[in-house]
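The values are calculated or read from the model by the stated rules, or taken from the named source; none is laboratory data. Please read all numbers here as calculations on a predicted model, not as lab measurements. Reconstructed Cβ throughout: ideal geometry from the backbone, glycine too, with neighbour counts over all protein chains shown.
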Amino acid sequence: MRSFRDSILSPAGRLPSTRLAAMASIAASVTAALLATPALADAHDEHALTKGTFSGLIFRSVGPALMSGRIGDFAMNPDRPAEYYVAVSSGNLWKTVNNGVTYEPIFDGEGSYSIGCVTIDPNNTNVVWVGTGENNSQRSVSFGDGVYKSSDGGKNWTHVGLKESEHIGMIAVDPRDSDRVFVAAQGPLWRSGDERGLYMTEDGGETWDKVLDISEHTGINEVHIDPEDPDVMYASAYQRQRKVWTLINGGPESGVWKSSDGGHTWREINKGLPGEDKGRIGLDISPVDHNVIYAVVEAAHDKDGFFRSTDRGETWSKMSDYVAGSPQYYNEIIASPHDVDTVYAMDTYMHVTRDGGKNFSRVPRDHKHVDNHALWIDPLDPQHMIVGCDGGIYETWDDAANWHFKVNLPITQFYRVSVDMDEPFYNIYGGTQDNNSQGGPSRTTRLEGITNEDWYITVGGDGYETVVDPENADIVYSQWQYGGLVRYDRASGEITDIRPVEKPGDEPYVFNWDTPLIMSPHSNERLYFAGNFLFRSDNGGSSWDIVSPDLPRGIDRNELEVLDTIQLPDAVAKHVSTSIWGNAVALD
């Protein structure tokens with residue numbers, strides 16, 4: 001007697017699309033009938049989606065580990081550099097005690113998986129402060145739920161406040177008093193208000209006072225304490241807001257501030273900085289000479305640049321036009337502890353100046369991922385550095401001539417995940433943040449289980465929805481940003497570009513950063529793909545027909561308010577770092 005499973009499988013052992021549809025219809029009917037029974041309906045309502053419902057399920061890691069993910073910050077134990085903490089933009093907090101031979105996740109039980117910054121108390125290395133919420137302004141940025149503190153090296157955590165801050169830029173601890181801590185809160189990205197500004201606690205996080213409050217639109221990006229005179233502090237104000245139609249990454253309220261009384265009162269110190277609206281500003285005090293401060297400044301009207309002060313911020317001199325390629329995503333600088341004129345800049349390609357900012361050059365990156373966000377320079381060895389980027393952690397011992405990739409930090413950020421109907425084990429596909437679209441098995445027959453060798457790349461770039469033919473699991477449709485679409489043949493490795501292309505003379509098609517794609521449940525040859533039109537293919541993407549009118553409503557994004565006003569065309573970053581306005585974002 002054939003089982004139900006055997007009766008619905010095709011001779012090849014795969015589920016045809018017609019039978020998939022029938023199964024779905026049967027399942028829906030059975031569920032509806034059961035819930036129509038009063039006793040069962042009551043039980044369903046009482047127990048659905050509770051902890052007990054899922055208590056019998058156990059998660060197992062299936063990979064992949066061939067790539068890592070976006071690193072936001074490091075905190076190194078100054079007494080034992082082999083011990084350090086790794087803040088992951090979308091993957092919690094990790095700790096190593098053996099210089100990265102192994103990493104342990106130590107934040108899984110807390111309220112946020114997105115970490116903006118991590119800081120070790122300079123007076124007690126067992127005390128660790130964490131600011132949640134990635135401190136970038138990217139499309140895919142994740143928010144957090146405030147500040148956490150551990151007093152036992154990350155074994156246990158206490159939430160200490162600022163839950164509505166959403167994005168923490170930096171935390172600084174007074175080297176004279178561990179109870180005095182400063183938190184730079186950027187505040188929510190997609191709206192104004194809530195907890196944004198510079199906050200101070202003098203009781204170890206029991207209570208907080210806002211000591212620098214610019215406005216409901218402007219938070220604080222960074223805060224730095226002078227290591228030789230802790231009463232002197234610097235902070236950068238950051239006015240920004242993202243909407244679906246644009247990012248405004250600056251305004252008249254952005255700038256640099258200084259306190260000379262331990263953070264109680266503040267004044268602006270922008271003499272010599274651009275007079276135009278400013279965006280994200282990265283700061284650092286030279287560990288070699290505390291009188292020297294560096295700033296990388298995003299500004300309107302192409303007035304961006306790299307600035308230096310030799311009088312503790314009272315006046316600034318522009319050294320060059322250097323600014324990160326996308327300041328909302330980078331614009332952080334790290335001054336060398338070995339040479340007052342050497343400063344590293346986080347960027348798509350990490351840069352370094354060795355003459356105080358007059359000239360910048362790319363740091364060598366053979367066999368290293370791009371998009372750098374965090375850097376630690378060994379205070380005892382200038383050739384030894386650890387870098388965090390969109391691809392994970394890399395370490396060099398020869399001043400970037402060679403890089404060692406930490407392969408054991410499994411934090412790839414998946415935007416989307418899907419599965420196929422292959423046998424004997426189905427395959428898992430996912431589109432990732434800056435680490436391609438990938439596929440791999442749910443199980444293998446080998447004793448060692450799933451390995452990196454089992455995973456494969458279906459297309460490069462940032463990955464999104466992957467759709468697999470239910471009748472031929474070798475045919476995989478994969479995407480990258482702004483409407484990139486390919487048909488990948490797993491058996492042969494062939495990749496065919498099938499993105500809809502406009503005819504000569506027609507207006508360009510417009511696709512979202514994350515373009516919706518579906519396969520018809522009635523035909524495995526029919527695909528739907530949506531941009532400013534809905535496209536349909538009946539031959540697996542070999543050709544496309546437009547099956548809708550022009551979808552955008554004709555709204556002029558320049559007439560929509562951001563930061564409570566209609567922004568001028570030359571507002572900071574108005575035309576960059578965002579998707580083109582007016583296209584489909586979802587499809588069913």
Inset, instruction - Any chance you could count how many residues in region 506-559 are polar (S, T, N, Q) and within 30 Å of the chain's Cα centre (by Cα)? - result: 4
Legend entry - Identity of the residue in region 222-266, charged (D, E, K, R) and over 18 Å from VAL297 (Cβ atoms), that ends up surrounded by the most Cβ atoms within 10 Å (Cβ to Cβ): ARG242
Inset, instruction - Could you list, in sequence order, all residues of region 427-450 that are touching a residue at least 24 places away in the same chain (Cβ under 8 Å), more than 11 Å from VAL62 (Cβ to Cβ) and not in a strand (DSSP E or B)? - result: GLN433, ASP434, ASN435, ASN436
Inset, instruction - Pairs only if they're at least six apart or on different chains, beta carbon under 7 angstrom, first in region 543-565 and farther than 21 Å from ARG526 by Cα and in contact (Cβ under 8 Å) with a residue 12 or more places away in the chain, second surrounded by 12 or more Cβ atoms within 10 Å (Cβ to Cβ) and aliphatic (A, V, I, L, M); list them, first residue then second. - result: VAL562/ILE248; LEU563/ILE248
Inset, instruction - Within region 208-228, identify whether any single residue is over 22 Å from TRP376 (Cα atoms), of a type in the set (D, E, K, R) and in contact (Cβ under 8 Å) with a residue 40 or more places away in the chain, and answer yes or no. - result: no
Inset, instruction - Could you list all residues from region 564-579 that are surrounded by fewer than 17 Cβ atoms within 10 Å (Cβ to Cβ) and within 17 Å of GLN239 (Cβ to Cβ)? - result: ASP564, THR565, ILE566, LEU568, ASP570, VAL576
Inset, instruction - Could you pull out the residue among VAL297, VAL352, VAL370 that is of a type in the set (Val, Ile, Thr) and part of a loop (DSSP other than H, G, I, E, B)? - result: VAL370
Inset, instruction - Looking for whichever is at pLDDT below 95 and on the phi < 0 side of the Ramachandran plot here; the options are TRP266, TRP257, TRP245. Which one fits? - result: TRP245
Legend entry - Residue in region 123-140 that is modelled with the lowest pLDDT, counting only those that are in a loop (DSSP other than H, G, I, E, B) and of a type in the set (Gly, Ala, Ser): SER140
Inset, instruction - Scan region 295-302 and give yes if some residue there is more than 30 Å from GLU202 (Cβ to Cβ), without any contact (Cβ under 8 Å) to a residue 24 or more places away in the chain and not hydrophobic (A, V, I, L, M, F, W, C), otherwise no. - result: yes
Inset, instruction - Mind listing whichever residues of region 91-104 are within 19 Å of ILE171 (Cα to Cα) and in a loop (DSSP other than H, G, I, E, B)? - result: ASN92
Inset, instruction - Filter region 419-445 for residues that are surrounded by fewer than 18 Cβ atoms within 10 Å (Cβ to Cβ) and over 16 Å from LEU517 (Cβ atoms) and give the result. - result: GLU423, PRO424, PHE425, TYR426, SER442, ARG443, THR444, THR445
Inset, instruction - May I ask you to say which residue of PHE107, PHE143 is buried (at least 20 other Cβ atoms within 10 Å of the Cβ), part of a loop (DSSP other than H, G, I, E, B) and of a type in the set (Phe, Trp, Tyr)? - result: PHE107
Inset, instruction - Please work out if ASP209 is under 19 Å from LYS149 (Cα atoms), in contact with a strand residue (DSSP E or B) (Cβ under 7 Å, 6 or more places away or on another chain), surrounded by fewer than 22 Cβ atoms within 10 Å (Cβ to Cβ) and not basic (Lys, Arg). - result: yes
Legend entry - Residue among ASP381, ASP399, ASP422 that is in a loop (DSSP other than H, G, I, E, B), of a type in the set (Asp, Glu) and at positive phi: ASP399
Inset, instruction - Residue by residue through region 55-84, note down the ones that are closer than 15 Å to ILE386 by Cα and in contact with a Phe, Trp or Tyr (Cβ under 7 Å, 6 or more places away or on another chain). - result: PHE74, ALA75, MET76, ASN77, TYR84
Legend entry - Boolean, VAL256 is assigned by TED's automatic domain parsing to the domain that holds GLN138, within 27 Å of the chain's Cα centre (by Cα) and not basic (Lys, Arg): yes
Inset, instruction - Go through region 320-335 and count every residue that is more than 17 Å from ARG280 (Cβ to Cβ) and crowded, with 21+ Cβ neighbours inside 10 Å. - result: 1
Inset, instruction - Go through GLU222, GLU228 for me and flag whichever is assigned by TED's automatic domain parsing to the domain that holds HIS159 and assigned to a strand (DSSP E or B). - result: GLU222
Inset, instruction - Output the number of residues of region 151-170 satisfying the condition of being buried (at least 23 other Cβ atoms within 10 Å of the Cβ) and either without any contact (Cβ under 8 Å) to a residue 60 or more places away in the chain or touching a Pro at 6+ places or on another chain (Cβ under 7 Å) (or both). - result: 6
Inset, instruction - Could you please give the count of residues in region 212-221 that are hydroxyl-bearing (Ser, Thr, Tyr) and crowded, with 23+ Cβ neighbours inside 10 Å? - result: 1
Legend entry - Tally, over region 308-317, of residues that are crowded, with 17+ Cβ neighbours inside 10 Å and either farther than 11 Å from LYS271 by Cα or modelled with pLDDT under 95 (or both): 2
Inset, instruction - Report the residue count in region 171-194 for those that are buried (at least 21 other Cβ atoms within 10 Å of the Cβ) and over 14 Å from TRP129 (Cβ atoms). - result: 3
Inset, instruction - Please go through region 452-473 and pick out each residue that is surrounded by 15 or more Cβ atoms within 10 Å (Cβ to Cβ) and over 28 Å from SER520 (Cβ atoms). - result: ASP454, TRP455
Legend entry - All positions within region 114-140 that are buried (at least 18 other Cβ atoms within 10 Å of the Cβ), hydroxyl-bearing (Ser, Thr, Tyr) and either free of Cβ contacts under 8 Å to residues at least 60 places away in the same chain or farther than 27 Å from TRP190 by Cβ (or both): SER114, THR119, THR132
Inset, instruction - Output the residue which, of all residues in region 238-272 that are in a strand (DSSP E or B) and either of a type in the set (D, E, K, R) or free of Cβ contacts under 8 Å to residues at least 24 places away in the same chain (or both), is nearest to SER137 (Cα to Cα). - result: ARG242
